[in-house]
Every structure is written in structure tokens, then in C-alpha cells.
Amino acid sequence: MRLGLDVGSSSIKLVGLSHRSTGGWALMHAAVEPLPAGAVVDGQVEQFDVVAQAVRQAVVRSGVRVRDVVLALPAAAVIRRTLRVPVGLGEAALEAQVAQAATGFLPFPLDDVCLDFSFIPGALADADGCMDVHLAAARRDRVLDRQALAEAAGLRAICLDVESCAAHRVFTAQAAGQVTAWRPDALVGLFDLGAGTARLQVLRHHESLYEGEQPLTRSENDDAPPTDGRSSAAALAQDIAQAVQVFLHSTAHQSLDRLVLAGGAAMLSGLAVAVAVQSGLPCSVLQPFDGMALGKGFERGGVDPIRDAPRMAIACGLALRDTTH
């Protein structure tokens, strides 16, 4: 069983997945627990006891018994770089070299930072005997805060991911066949529509080429898509189309091939059609649970695997995280 916990600005989302012996995944547990305004702001837990209680309630509501959980920080809270390091370094020497390189771009002291790094799977050494290493760094207090939140809810944080990576992972798992069908080099814009912000990732061959954020003119609860005129699908579609233009104007790309929407606001009726009209691009809503079997007792969490699926994307991506290495 794998458990993913998404700490959002307006709700806690919990997903438990189990790998099936016949292949694929089964959705065993899921729950959503609302948070009051101001409990979590820009990914920072401001009301710890309130949020911890919401996590505890989500665990109880879902019926999950597993305690190992994967959480995440917002992309804005994590500094990521690709470094070149010599092949064949021992573990201690490699850690020392990565730490030394990190001091050149981190805006705060190394003692205040949690660092992690990994070699790129399948990468080969170049002629100089060096390889690329992905490095991620976050403030230690933000990391410890997530760990303490899990512990306060009776869980054990075994991995801290990045929210955008989780969204990317679930998209890759559920939409890989579609991307291949469009074109091998298709450019896909994946939007995570949260509380007041549209976060855009541009993907090609399942690799992330760009990440950016665009403020939304609507600022309501991301888990309660609005129906009033000011916050209509057309208005939200304009924000999304503007974010696409920001990407195009800041890069050498001329266009995208398709848009995919996730997050609470993606639940707004008619949004995908409105976005397609505004942007002139095919658009669909990400359904992270497509193709998954439903586990016995899943319904006790009160989550609709179709209606609620877009807002569960990050939690699902966290549950899909391989923590074995």
C-alpha cells in the first residue's frame, strides 16, 4: 500500500493505492477534509493544530491503516538544479561535492537547508567522466514542519516530494498513451488549478521543460468551483489562456499541442470547453483514477472517483512515488 497526502490551501487530500498482482493500481482509500481560510498559506502551515486535526480526520474517514506516507512541498519552496559530478566518487565525497556546489546558489546558510540529490536514470558519463545529478534543496524548517504534521496525525513521513513532480508523475502514468498518439514530440501544458493560482508545467516526452505560475482572477476555495458570473468558466479560461501566452512569449516555442487541467478548479463544469475556445487548443481534464480498480470499502471516504478526481491528482501522484530507492 502506498499513501499520498496533499496539504492544500483549502483542504487535505489523502489517497491510498495498492499495486495489483495482475498489473496496474487499485484505489483503496481516499478522503478530503476541508481547512479553514488561513490554515495553510502558500504551502506554509500557519495553524498547525487545525491542520493536524484535519489530517487525522482524513485518515479516520478513509479507513486507511498504513502509516507510511509521502508528502510534498510547493515547487516555489524547493530549489532544484542539475549539477555535473565526476563518476566514481564515494558516497561521502559525492555528498561533500554536492553540498559545496549548492552553497553557490542557495540564498540561505547550508545549515538551514535539507539537501537531496539523485542520478538521472539511464544517464551515461560524458567524455570527461562526469554525470548529471538532480539536486533539490528546501529550508529545513519547512521540511521538519511537514514531518511533524505527519507525526501529529499518527503517520510517518518517508519521503518529501515536490507538488509539481507529483502532478507530472500522475499525468505520465495516466496520459502517456495519449501523448504518444498525438505526436512523439508533442508539447503538453499541464495546469494545476489551485486556490488563486494556475501552475503550468510544459511537458515533452514526459520531461518537464518549463514551470510557471499565473495568478487567477478568482480566489475562492479551490475545492468549491464557483458558479457566479465573475468566476465563470469563461473568466477562468481567460486566465489559463494568458498563462499559455506568458509561456510562449518567454520561450522560443510557437505553440502548445494540448492542455490538460488538474486541481480543484478543474472540477468547474464546462471549463475544458471554455479553455479550448479561449486558447484554440484541445483541452481535457486529468482523471488520475482512470483504469484503476476500486478497493473494497473505498466508498467510506466519501470521495467520488470521477467527480473529485481532478483535485486528488497531487495526492495520487504522491501515492505513486516509488520510495524504494
Pick out which of MET131, MET267, MET292 has the largest mean-square fluctuation in a Gaussian network model of the chain, springs linking Cα atoms closer than 10 Å.
-> MET131
GNM result for the chain, Cα springs below 10 Å: residue of GLY90, GLY264, GLY38 fluctuating most strongly | GLY90
To the nearest 0.05, how large is the calculated FRET efficiency for ALA93 and THR323 if R₀ is 22 Å and r is the Cβ-Cβ distance?
-> 0.30
One checks the Cα atoms of segment 1-148 and finds Rg and Dmax, in Å, of 19.0, 55
Note down the nm distance, to one decimal, between modelled labels 7 Å out along Cα→Cβ at LYS296 and at ASP185.
-> 5.2 nm
When the helix-only estimate is applied to the chain (DSSP H runs of n ≥ 4, each -39,500 (n - 2.57), divided by the residue count), what is the mean residue ellipticity at 222 nm, nearest 500 deg cm²/dmol?
-> -9000 deg cm²/dmol
State the label only: which of (i) 4, 14, 13, 8, 6, 5, 5, 4, 4, 9, 13, 10, 4, 1, 0; (ii) 6, 25, 33, 26, 9, 1, 0; (iii) 6, 27, 33, 21, 10, 2, 0 corresponds to P(r) over Cα pairs in 10 Å bins from 0, in percent computed from the shown model?
-> (ii)
Stokes-Einstein D for segment 76-140 at 25 °C, 0.890 mPa s, Kirkwood Rh over Cα pairs, in µm²/s?
-> 198 µm²/s
ILE120 to THR217: FRET efficiency via 1/(1 + (r/R0)^6), r the Cβ-Cβ distance, R0 56 Å, to the nearest 0.05?
-> 0.90
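Laboratory data are not the source of any read-out in this text; all were calculated from the coordinates shown. Because the structure is predicted, anything quoted here is derived from the model rather than measured. Reconstructed Cβ throughout: ideal geometry from the backbone, glycine too, with neighbour counts over all protein chains shown.
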